């Protein structure tokens, strides 16, 4: 029998888990042989009230265990060198003193705290805020969402002992160790991105006690080992190292090979990401700021609140009898412009570049001769125009674009989606 140390000494396989907006994905990746196994389990983005975006963190943990068991049917536990988790950032998971979620997570694209966002804009010097945090006041800042909770769910806030993100929660469940990966802090609006520390006046304004925030870690730092109880449930070896993990879009930038200034990634997930690689910290007021998973590099990060989630909404609510592949085929038969239909894709407000949680989705120009194919193509074109808006802003700011690559499920559709000129 192998001991934990012996099992990992020659191990060349790592497991990756991604807590996405619309599903959990997991992969076993060998150092030289590539992908050995992968699984996916869907979950739902919950929007019970206008602007709300929530998910069931407990269900994330259920699907994580299912995914690990499935991967270990292919890869022996003795071959696993380490595990890393990625996910949406900065999602908010509120835990009680026993580490149990007190309510559904509040996702990064949640747009409920409209009045609190306005209050924060009025309370801070916006130029100073940008200089410190690398971003502008917006709907995904932790401050307005926390103050919304204090006003509307004070009993939940009173019981909150820990505040963490999506992948931090799964890392905690795997290891028993609370942690925050640094990009949660960088996108929180509470962090000094140049000095790498919390900005105490912004924590005070939000009403967040520093002890609610777990220790910060860089992505590749080991947080802890697999707990014995998790090992018994999944088949993993106790003590298998678990690293702090990564924001999903930052991990995607690494996987896409963004290593040089001017490299751009268009990531078509539940939200839409536009990532620009830079070799020094150089925030842009139209974008978010992130640290790259490669030390020394940074990312300018654009994020549209609803791209893939808008496409999924359209299919579920307006074309439930069709698959996405069928809808793609129908849309491909139409000319660019969707016969005059224009869609504004602000179905969860909008983050970059307009930072307006009160923005709303719009179908304009619809007439009786239009079909669902016209509507669907207009949705796809709206998402593409959103990406183009960000690329235009990069060019206007004098940021040269060296190369562009696309990733995730919609990339194959967008490559064939010709657009009329703006």
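A few comments on the model shown:
- The stretch 255-268 - residue that is crowded, with 21+ Cβ neighbours inside 10 Å and closer than 16 Å to residue 183 by Cβ and, of those, nearest to the chain's Cα centre (by Cα): 267
- Residue check for residue 244: in contact (Cβ under 8 Å) with a residue 60 or more places away in the chain, under 17 Å from the mean Cα position of the chain (by Cα), over 25 Å from residue 138 (Cα atoms) and crowded, with 18+ Cβ neighbours inside 10 Å: yes
Residues checked against (1) closer than 29 Å to residue 156 by Cβ; (2) touching a helix residue (DSSP H, G or I) at 6+ places or on another chain (Cβ under 6 Å); (3) in the same structural domain as residue 122 (by TED's automatic domain parsing):
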{"site": "223", "(1), (2), (3)": "yes, yes, yes"}
{"site": "232", "(1), (2), (3)": "no, no, yes"}
{"site": "240", "(1), (2), (3)": "no, no, yes"}
{"site": "252", "(1), (2), (3)": "no, no, no"}
{"site": "264", "(1), (2), (3)": "no, no, no"}
{"site": "268", "(1), (2), (3)": "no, yes, no"}
{"site": "271", "(1), (2), (3)": "yes, no, no"}
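- Strands (runs of 3 or more DSSP E) wholly inside the stretch 282-400 that include at least 2 residues being crowded, with 19+ Cβ neighbours inside 10 Å and touching a strand residue (DSSP E or B) at 6+ places or on another chain (Cβ under 8 Å): 288-291, 298-304
- Those strands (runs of 3 or more DSSP E) lying entirely in the stretch 154-243 with at least 2 residues modelled with pLDDT of 95 or more and closer than 29 Å to residue 53 by Cα: 162-164, 241-243
- Count of the stretch 92-112 residues which are surrounded by 20 or more Cβ atoms within 10 Å (Cβ to Cβ), out of contact with any helix residue (DSSP H, G or I) (no Cβ under 7 Å at 6 or more places or on another chain) and assigned to a loop (DSSP other than H, G, I, E, B): 4
- Among the residues of the stretch 357-385, those identified as touching a residue at least 60 places away in the same chain (Cβ under 8 Å) and more than 14 Å from residue 309 (Cα to Cα) are 357, 358, 375.
Residues are listed down the side, and each one gets a yes or a no for (1) in contact with a strand residue (DSSP E or B) (Cβ under 7 Å, 6 or more places away or on another chain); (2) assigned by TED's automatic domain parsing to the domain that holds residue 143; (3) farther than 30 Å from residue 149 by Cβ:
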site: 12; (1), (2), (3): yes, yes, yes
site: 15; (1), (2), (3): yes, yes, yes
site: 29; (1), (2), (3): yes, yes, yes
site: 47; (1), (2), (3): no, yes, no
site: 50; (1), (2), (3): no, yes, no
site: 73; (1), (2), (3): no, yes, yes
site: 87; (1), (2), (3): yes, yes, no
site: 95; (1), (2), (3): yes, yes, no
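- Residue 211 being touching a strand residue (DSSP E or B) at 6+ places or on another chain (Cβ under 6 Å) and closer than 27 Å to residue 157 by Cβ: no
- Listed by first and then second residue, the pairs linking a residue in the stretch 47-71 that is farther than 29 Å from residue 360 by Cα to a residue that is in a helix (DSSP H, G or I), with Cβ atoms under 6 Å apart and 6 or more places separating them unless they lie on different chains, are 61/173; 64/170; 65/233; 65/234; 68/234; 69/234.
Yes or no, residue by residue, for (1) crowded, with 19+ Cβ neighbours inside 10 Å; (2) in a helix (DSSP H, G or I):
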| position | (1), (2) |
| --- | --- |
| 52 | no, no |
| 62 | no, yes |
| 69 | no, yes |
| 86 | yes, no |
| 90 | yes, no |
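The values are calculated or read from the model by the stated rules, or taken from the named source; none is laboratory data. Remember, it's a predicted structure, so these values are computed and weren't measured experimentally. Positions of Cβ are backbone-derived with ideal geometry, glycine not excepted, and every protein chain shown enters the neighbour counts.
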